[in-house]
Amino acid sequence: MRVNSTKNWQVIILTIAFVTLMDGCATNPVTGKKQVALISEAQEIAMGREYDPQIVAEFGLYPDSAIQRFINARGMEMARISHRPNLQWTFRVLDSDVINAFAVPGGYVYFTRGILANMNNEAQFAGVLGHEIGHVTARHSVSQQTKGLLTQLGVIAAVIANKNVAQFAEQLSQGAQLLMLSFSREAETQSDELGVAYSPQVGYDAREMAKFFLTLKREQDQSSHARLPEFLSTHPDPGNRYERVTQLATQVQQQNNLTNLKINREGYLRTIEGIVYGEDPRHGYIEGGYFYHPEMKFQFRHPLNWQYKNSPTSVVFSPQQGDAVCMLTLGQGNSPQAAAEQFVQTNKIQVTESQQSIINGLPAFIIAGQQLQQDQSGRQVPAVRLLTAFIQYNNAIYIMAAASTLQSFNGYLRQFQDFYGSFSRLTDASKINIRPERITIHTVRTATTLQQLLASQDIAARRHEELAILNGMQLNTQLPVGTLVKLVRRM
């Protein structure tokens, strides 16, 4: 969790819902054919300008000017040879460990530091860059909106089975509702084709993009189920794309007599050397049943074996069965009681109990009640039960909200009370001074295998497969002298 001034993502929904749609057809820049497009290019650009500051506020920009310059330079180079070179393109690196890249209307393209860390050469980056530029040049977002296929993916909505609990959590987190587009199979195929077409035009071997799909598939298969699913899952399963993209890239490059295309493994690895790998514990981390936040200097116990998502605006926990949620976020007001009153009003809470309290020496106000939601007949009826503490600490009000279905509440009550009752100051220097893991680049001095190298570098055996995937290798891959290998170190 980081302090961020984030607008409610519902603004995006309103932007779409109330935008003035114009009947008519437009020429698709990629195909040259007429298509039904109810959104003009000017409106498309306006949408991107609306989305961009909200995306940046929600995720934060990765604070590395060299990496930002790299993506901007490569992005602008490719945009100039694309089908829409005159757009005012913007390329950003987001401070997120989620492995993803995505684009929004109007020429805004985003890569997470997570996907950059998992790529192994510049040609892989260029292929994915071309794919995302392709979504914009082919106006896939406009087509999907015209067809009414716009979807919302929330931080927790996908895993909380009870829609009332999910709705409560999304309302509370404010920044959790994220509008993305679920592209059709045809759109994804066309963007793959554009990635294959664009990247060789700026000198890169497009076959490397196909290899990156194998990395994505392995990463997907190895991903932990202890955390919430990545909510930027805007692309289909990569497992069946390797053969098709390899064949397509080979065909395109042979037909156009494109030879001596770049892969640039060493240059790319040197570019990402030092990038933060995985979750950045400076923004909060879990260890030994506690959540610690070194920068904001607080800690609390969390429900064990619950799914977990930490974002700049909230920390969310939910059990596998999806009928409850525990969430920490920031409140508004100059006192716990004032924050509680605003919370009650904003979220339509019917309060059954309330009291002033002290939690581990910190001023607090606690409420119990029910959230009212509208049923099919239009009546306001209880939908979830909740127990919420508002705690004043370091010039901020922390909301520790716990909620569940009406039927399950009593079964979770003890966990809810322990959740907010354990909130306290963090004073342990070993927890405060923790540093993130970063990518380091190791040069092989003696021919060996990847597994032997990892063992010699004191990498725990349980992480060997993780590092193999990170390097796009197998554990038995032979490493000649001079090979560069990505390792991770806490530093």
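The values are calculated or read from the model by the stated rules, or taken from the named source; none is laboratory data. Predicted, not measured: the structure shown is a model, and the values here were computed from it. Heads up, the Cβs are rebuilt from the backbone with ideal geometry, glycines too, and the neighbour counts pull from every protein chain shown. Calculation scope for accessible area: heavy atoms of the full protein, side chains included, ligands and nucleic acids excluded. Shrake-Rupley method; radii C 1.70, N 1.55, O 1.52, S 1.80 Å.
Here's how it looks for Leu330: its modeled amide H is under 5 Å from those of Ile399, which are all 5 or more places away or on a different chain. Sorted on the mean count of surrounding Cβ atoms within 10 Å across their residues, most packed first, peptides 268-278, 99-109 read 99-109, 268-278. For the peptides 202-212, 322-332, 296-306, the ranking by packing is 202-212, 322-332, 296-306, with the highest mean count of neighbouring Cβ atoms within 10 Å listed first.
Atom-type composition of the exposed protein surface of region 359-491 places 46 percent of the accessible area on carbon and sulfur (1.4 angstrom probe). The order of the peptides 345-355, 395-405 by mean Cβ neighbours within 10 Å, most packed first, is 395-405, 345-355. Here each label is just a point 7 Å from Cα along the line to Cβ, and for Glu465 and Asp418 those points are 3.0 nm apart.
Extension gain for Ala66-Leu214 works out to 50.5 nm (0.36 nm per residue, less the C-alpha to C-alpha distance). What part of the accessible area of region 38-150, given as a whole %, is carbon or sulfur when the probe is 1.4 angstrom? Carbon-and-sulfur percentage of accessible area, whole number: 51.
Spin-label pair Asn394-Gln251: with each label point 7 Å from Cα along the Cα-Cβ axis, the two points sit 5.7 nm from one another. Computed with a 1.4 Å probe on the full set of protein chains, the accessible area for Ser424 sits at about 20 Å². In plain terms, the chain from Gln457 to Leu304 could stretch by 51.8 nm, reckoned as 0.36 nm per residue minus the Cα-Cα distance. Phi-derived couplings, Karplus 6.51 cos²θ - 1.76 cosθ + 1.60 at θ = phi - 60°, listed residue by residue for region 332-339: 10, x, 9, 7, x, 5, 5, 5 Hz, with x used for Gly and Pro. Residue separation of Leu258 and Ala338 scaled by 0.36 nm, minus their Cα-Cα distance, works out to 22.1 nm of gained length.
Per residue, region 343-490 exposes 50 Å² of solvent-accessible protein surface, assessed with a 1.4 angstrom probe and all protein chains in place.
Of the two radii for region 299-424, the radius of gyration is 0.96 times the Kirkwood radius, both from the alpha carbons; that is the Rg over Rh value. The aspartates and glutamates within cross-link reach of Lys217, meaning a Cα-to-Cα straight distance under 19 Å and a gap of 8 or more places when in the same chain, are Asp97, Glu132, Glu188, Asp192, Glu208, Glu230, Asp237, Glu243, Glu465, Glu466.
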